[in-house]
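Shown next, in structure tokens, is the structure this report addresses.
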Amino acid sequence: MTDITASSFVRQDLVAERPAPVKTTGFIGFVRTRLLNSPTNILLTILGLLLLWYTVIPAIKFLLVDAVWTGEDRNACLAENAGHPVGACWPYIQAKLTQLIYGFYPEAERWRVNLTFALGAALLLPLLIPRLPAKALSSGLFFFAFPVVAFFLLRGGGLTGFGVSWTAGILQLFDDSIANAGQAVLNLSQTSAIGPLLWVVGKIIVLIGNVVYWLIFPLTWVSDQIHGLGQSVWVDFLITTVIVSLILFFLGGGVRTGWRALIESLVTFAGIAAVIKVMGLDHGGLPLIDTRLWGGLLVTLVIAIIGIVTSMPIGIALALGRRSTIPLIRIFSIAFIEFWRGVPLITVLFFATYMLPLFLPGNFTVDGLVRALIGVAVFTGAYQAEVIRGGLAAVPRGQAEAASALGLSWWKTTSLIVLPQALRHVIPALVNSFISLFKDTSLVSIVALFDLLGSLHASFSDPTWSTPTTAFTGFAFTGLIYFFFCFGMSRYSLFVEHRLNAHRRN
């Protein structure tokens, strides 16, 4: 036994790693194990190669090999002048690039569009990179400050008032609507078979309008006095700053804990004052540019970004309302979602563009682009509601019960526990809706808004660039732009999904 033990060999060091067999690694291994490992995969590989040969190769040949890169007019893109079969006519894109980006926006003012794009990218970048700090500040600037600055940059114009005047104007418009409705009912009572009943209803509505008038009279009187003074914008701004800051101070806890809210309010209003002064909004601002002159990529991005940003809160509110235990809220949410999901987007755009003004008071008008934005936001919000409702249904019931056991309110349970998990579950579906919305912006050309595709169609009418390949070149270029944005959203959604679902990795 001792001899056997003494003669045994025990290795004291590890055996060096040996390379894997060549047949299972590298390109050869990939082909053997993934492409040619079964008759079915061999057939699919052959079909895939044929598909690439008959699609990708001709596309590359058209876009790059046979393309014309320089020229002044259509003659450069004709086969008899080029001496070979002509592919893409890139001089046409170079000549029409500004129209595809800005539409008919005045050339002297296009720096405003460029500045808006630059500001949007600079404010969005800190939100997309997880490691960058100050996410709350970046979110506030992008979602609240940037839309206002972009509005005055792109459209122009200035301010004639501030918070007090705006509030008084909205309440006055509401009061006028009630009064006009009451008067319309009274006029109808004179020719209707149920005239006495309509007369009583009209009198009640008129009475309600009078009550509202006297309730808002102090505010409207203050607004009139402000407009009677010089520098009405700054007087209104000062009064609004004092009122809002005091409200936030007392809501934040008053003398004991309200100082932080007061300081944040004052700093915010100081920033607003700086923007007003720099952009000259108190003296008329920049020259007005009618939205009918907007077009191209500008309109596409405006509709897509505003539609995405505004549809999310609408969808969240409707999804929570559909799950509410209050019958009135639940029935309203269900009816709203089913109605807007039951009509095509083209119908919604027609309704928002041509029928919405019929429901507004005679002295109140809404810009055509704003009407399309409202229609897109409401339509997309109804679809997002069902996506988010699916995420809410996927959250285990015990999450809300555990939060309730800890003493959290419904608002805190929903905003801090349930909703974050629900949104994490439906990231792919949400981004899919965003991509669909970005591509559906081309439908606004039906209501006389020139988006990217609308501007492309308008450029075809120029006889200077009328060639057999002009249309194919234009559609290929715009297709690449759409692919760039949609593919970027898709890849970033995968990054976010992978990061938020780290706990599920094997």
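The values are calculated or read from the model by the stated rules, or taken from the named source; none is laboratory data. If you're wondering where the values come from, they're calculated on a predicted model, not measured in any experiment. So basically every Cβ, Gly included, is an ideal-geometry build from the backbone, and we count neighbours across all protein chains shown. We work out accessible area using only protein heavy atoms, side chains counted, and drop any ligands, DNA or RNA first. Shrake-Rupley method; radii C 1.70, N 1.55, O 1.52, S 1.80 Å.
Screening the stretch 155-174 for residues that are touching a residue at least 40 places away in the same chain (Cβ under 8 Å) and out of contact with any Leu (no Cβ under 8 Å at 6 or more places or on another chain) and picking the one that is farthest from residue 117 (Cα to Cα) gives 172. Tell me, please, whether a residue that is at pLDDT 85 or above, of a type in the set (Val, Ile, Thr) and part of a helix (DSSP H, G or I) can be found in the stretch 183-197. Checking the stretch 183-197: not a single residue is at pLDDT 85 or above, of a type in the set (Val, Ile, Thr) and part of a helix (DSSP H, G or I). Checked against the criterion of being crowded, with 16+ Cβ neighbours inside 10 Å and modelled with pLDDT under 85, the candidates 365, 380, 353 yield just one match: 353. Criterion applied to 346, 308, 331 was being assigned to a helix (DSSP H, G or I), open to solvent by 70 Å² or more (accessible area, probe 1.4 Å) and not aromatic (Phe, Trp, Tyr), and the one residue passing it is 331. Specify the residue that is modelled with the lowest pLDDT; the eligible residues are those in the stretch 222-248 that are under 38 Å from the mean Cα position of the chain (by Cα) and open to solvent by 80 Å² or more (accessible area, probe 1.4 Å). Step by step, filter the stretch 222-248, then rank; the result is 231.
Close contacts from the stretch 478-489, counting a first residue that is closer than 15 Å to residue 441 by Cβ and a second that is open to solvent by 50 Å² or more (accessible area, probe 1.4 Å), with Cβ to Cβ under 8 Å and a gap of 6+ residues or different chains, come to 482/439; 486/439. Within the stretch 400-419, the set of residues being part of a helix (DSSP H, G or I), surrounded by 14 or more Cβ atoms within 10 Å (Cβ to Cβ) and without any contact (Cβ under 8 Å) to a residue 60 or more places away in the chain comprises 400, 403, 413, 417, 418. Of all the criteria given as (1) under 20 Å from the mean Cα position of the chain (by Cα); (2) within 30 Å of residue 99 (Cα to Cα); (3) of a type outside the set (Ser, Thr, Tyr); (4) open to solvent by less than 30 Å² (accessible area, probe 1.4 Å), the one not satisfied by residue 439 is (4).
Checked against (1) among the aromatic types (Phe, Trp, Tyr); (2) in contact with an Asp or Glu (Cβ under 7 Å, 6 or more places away or on another chain); (3) open to solvent by 30 Å² or more (accessible area, probe 1.4 Å), residue 162 meets all criteria but (3). For the stretch 253-275, the set of residues classified as open to solvent by less than 30 Å² (accessible area, probe 1.4 Å) and either part of a loop (DSSP other than H, G, I, E, B) or within 28 Å of residue 156 (Cβ to Cβ) (or both) consists of 254, 258, 269, 273, listed by residue number. In a residue-by-residue description of the stretch 276-286, the property of being in a helix (DSSP H, G or I), closer than 20 Å to residue 106 by Cα, touching a residue at least 60 places away in the same chain (Cβ under 8 Å) and of a type outside the set (S, T, N, Q) applies to at least one position.
Residue 117 satisfies every condition listed in (1) among the hydrophobic types (A, V, I, L, M, F, W, C); (2) open to solvent by 60 Å² or more (accessible area, probe 1.4 Å); (3) over 19 Å from residue 274 (Cβ atoms); (4) at pLDDT below 90 except (4).
Scanning the stretch 32-74 for residues that are polar (S, T, N, Q), under 26 Å from residue 466 (Cα atoms) and open to solvent by less than 70 Å² (accessible area, probe 1.4 Å) turns up just one, 55.
Yes/no matrix, rows are residues, columns are (1) under 24 Å from residue 283 (Cα atoms); (2) assigned to a loop (DSSP other than H, G, I, E, B):
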position	(1), (2)
200	no, no
203	no, no
211	no, no
216	no, no
220	yes, no
224	yes, no
229	yes, yes
236	yes, no
